[in-house]
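Right, one structure below, let's go through it.
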Amino acid sequence: MATHFSFTKPQLDALPFPAPGERVIYHDTHKNAAGLQLRVTSTGKTFFIQRRVDGKPERVTIGKFPDYSIENARKEAARLTALIAQGINPNTDARALKTETTLQELFDNFLQHRRNKRGAFLSEKTKRSYRYDFGLYLSKWSKRKLSQLKDTDFSNLHTEIGKEHPTTANRVIAMASSLFSYANEERLFKGANPASGIKKYPENPRARFLQSDELPAFFSALAEESNETLRDYFLISLLTGARRSNVQEMQWSQISFDRAEWRIPTTKNGEPQTVALTAEALEILRNRKTDNTDVWVFPGTGATGHIVEPKKAWKRVLERAGIDDLRIHDLRRTLGSWQAKTGASLAIVGKSLNHKSPSTTAIYARLDIDPVRESVDRATGAMLAAAGVKPIGGVVELKAKLKKQQR
């Protein structure tokens, strides 16, 4: 059979396989062939081109037939021929691609070695969040080499997620951009960041907190919660306004009953925080301390040793209270809102919640904990009074009051 002809699929399908160890080369004579050839062995049929690069013969493999159609093979042969004409060796790029970092390898490296501007490694909470988002949205590309990911991949992903979850879409793209920035810093990747420059969706700041008319039902629902650890966790979250991760990771060694303080060694903004504990918060903690010999104030059964995700209990509380659209984080905002309601300045609110912004940092630095404590006392007192579990100006044994409500 002739070895030079214009390739067609029926002809290539009909080509016989030679004996093991032998091969036959066929040449495409089509006007758009661009030097396309087919190598047939006992194991298969493969498209390729043969060219001289830097004076040396170089064979560049295109792909298997019939997985690669004749038309696509001709187009690829033309593209490769054009690269060679520019002095570029396609095989060199292909060999480099084999050793290039994959997205999964980059992600693992990032979690292990990435440091923030202050030189600290990523927190475990941040790592958990990154792993969740990566697994849900980026793991489908985990085996791709970094140079194979394009800006259109990320812009399309942003659009897809943003149809229902714009804030999540922004967060995922921000993480992807951070990954590629890190890759550039560590010389794992050369080229433009494919996840940068994507226009973010507008995000409306959340302003949800417990209103006066919701507090009685909320406290009544808490009183009916059978899991005392989670009930106390929700109460301490409300009475301290601390971030949920900090409350989950609260340790007895951080509590001073004498000073009525909780010292958090590291918070989200990278700085420690001293939280003023009200009489009601101290009462809850003292009751827990009596029965609790664990390191953690709110122990759990998972690998961390403390509670991690109390979604089921939170859902039960909200259903009993008949309250919609309230998140655990909204308890933090609730304290701040009630502080503002009871006359606290924004600086006091910011200090108690450990907010950090350039415009108010200098003010926070001059505040001690006493005015913060007074503000938290007034705010929690007003909330408990609105809930019907505390007379105005009085101090209540909160756990006992809740038990009475439950009965």
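Coordinate-derived values only; no laboratory data. None of the values given here were measured: they were computed from a predicted structure. Because the Cβ atoms are built from the backbone with ideal geometry, glycine has one as well, and the counts that use them run over all protein chains shown.
Using the Cβ-Cβ distance between Glu186 and Gln86 with R0 = 35 Å, the FRET efficiency computed as 1/(1 + (r/R0)^6) comes to roughly 0.70.
Per residue, the average separation of C-alpha pairs within less than 8 Å and at least 6 apart gives the chain a relative contact order of 11 percent. Averaging the sequence gap over all C-alpha pairs within less than 8 Å and six or more residues apart, then dividing by the number of residues, gives region 103-185 a relative contact order of 35 percent. Only aspartates and glutamates eight or more places from Lys341 in sequence, or on another chain, were considered; those with a Cα closer than 17 Å are Asp213, Glu214, Asp330, Glu374, Asp377.
The local environment of His306, defined by Cβ-Cβ distances under 9 Å, has a net charge of -2 under the rule Lys, Arg +1 and Asp, Glu -1. For Lys45, the residues whose amide H sits under 5 Å from its own are Phe65, ignoring neighbours fewer than 5 places away on the same chain, with H placed 1.01 Å from N. Computed from the Cβ-Cβ distance with R0 of 45 Å, the FRET efficiency linking Ser42 to Asp108 stands at 0.65.
Of all aspartates and glutamates in the structure, the ones whose alpha carbon falls short of 20 Å from that of Lys9, not counting any fewer than 8 places away in one chain, are Asp28, Asp67, Glu71, Glu76. Placing unit charges on the Cβ atoms only, positive for Lys and Arg and negative for Asp and Glu, gives the chain a dipole magnitude near 740 debye about its Cα centre.
Per-residue Karplus couplings for region 271-281, computed as 6.51 cos²θ - 1.76 cosθ + 1.60 with θ equal to phi - 60°, are listed in order as 10, x, 9, 9, 9, 6, 9, 6, 4, 5, 5 Hz, Gly and Pro entered as x. Of the residues Arg131, Arg320, Arg288, the one with the fewest other Cβ atoms within 10 Å heads the list, and the complete ranking is Arg131, Arg320, Arg288.
Which net charge results for the neighbourhood of Arg327, defined as the other residues with beta-carbon distances under 12 angstrom from its beta-carbon, given Lys and Arg at +1 and Asp and Glu at -1? My count for the surroundings of Arg327 gives +4.
Pairs exceeding 32 Å between alpha-carbon atoms, taken from Lys289/Lys311; Lys56/Lys140; Lys190/Lys311; Lys140/Lys311; Lys163/Lys315; Lys143/Lys315: Lys56/Lys140; Lys190/Lys311; Lys143/Lys315.
List the aspartates and glutamates whose Cα lies under 20 Å from the Cα of Lys199, skipping any in the same chain that are fewer than 8 positions away. Excluding near neighbours in sequence, the set is Asp133, Asp151, Asp153, Glu160, Glu164. For the chain, a Kirkwood radius taken over Cα pairs fed into Stokes-Einstein (37 °C, viscosity 0.692 mPa s) yields D = 123 µm²/s. Computed from backbone phi, the HN-Hα couplings of region 218-233 come to 5, 5, 5, 5, 5, 4, 8, 6, 6, 8, 5, 4, 6, 4, 5, 4 Hz, rounded to whole numbers (Karplus: 6.51 cos²θ - 1.76 cosθ + 1.60, θ = phi - 60°; Gly and Pro given as x). Values of log10 I(q)/I(0) for region 103-185 across q = 0.24 Å⁻¹ run -1.31, by the Debye formula with one identical scatterer at each alpha carbon and no solvent. Springs between Cα atoms under 10 Å define the GNM used for the chain, and in it the highest mean-square fluctuation of Asp232, Asp325, Asp151 occurs at Asp325.
Indicate the gyration tensor shape class of region 182-267 (rounded, prolate or oblate), computed on the Cα atoms with a ≥ b ≥ c the square roots of the eigenvalues: a/c under 1.5 is rounded; otherwise a/b larger than b/c is prolate and the rest oblate. Verdict is oblate for region 182-267. Take every pair of alpha-carbon atoms less than 8 Å apart whose residues are at least six positions apart; their mean separation over the length of region 196-316 yields a relative contact order of 23 percent. Between Val295, Val275, Val247, the Gaussian network model of the chain with springs among Cα atoms under 10 angstrom shows the greatest mean-square fluctuation at Val295. The chymotrypsin sites (Phe, Trp or Tyr not before Pro) of region 67-172 that meet both conditions, a loop assignment by DSSP and at most 16 other Cβ atoms within 10 Å of the site Cβ, are Tyr68.
Cα-based radius of gyration for region 4-99, normalised by 2.2 N^0.38 Å, reads 1.09.
Between helix 124-133 and the chain there is an angle of about 50 degrees, using the helix long axis and the longest principal axis of the Cα atoms.
In plain terms, the chain from Thr301 to Lys125 could stretch by 61.6 nm, reckoned as 0.36 nm per residue minus the Cα-Cα distance. With θ taken as phi - 60° and the Karplus curve 6.51 cos²θ - 1.76 cosθ + 1.60 applied, the whole-hertz 3J(HN,Hα) list for region 185-201 is 4, 8, 6, 8, 7, 10, x, 6, 6, x, 9, 9, x, 7, 5, 6, 6 Hz, x standing for glycine and proline.
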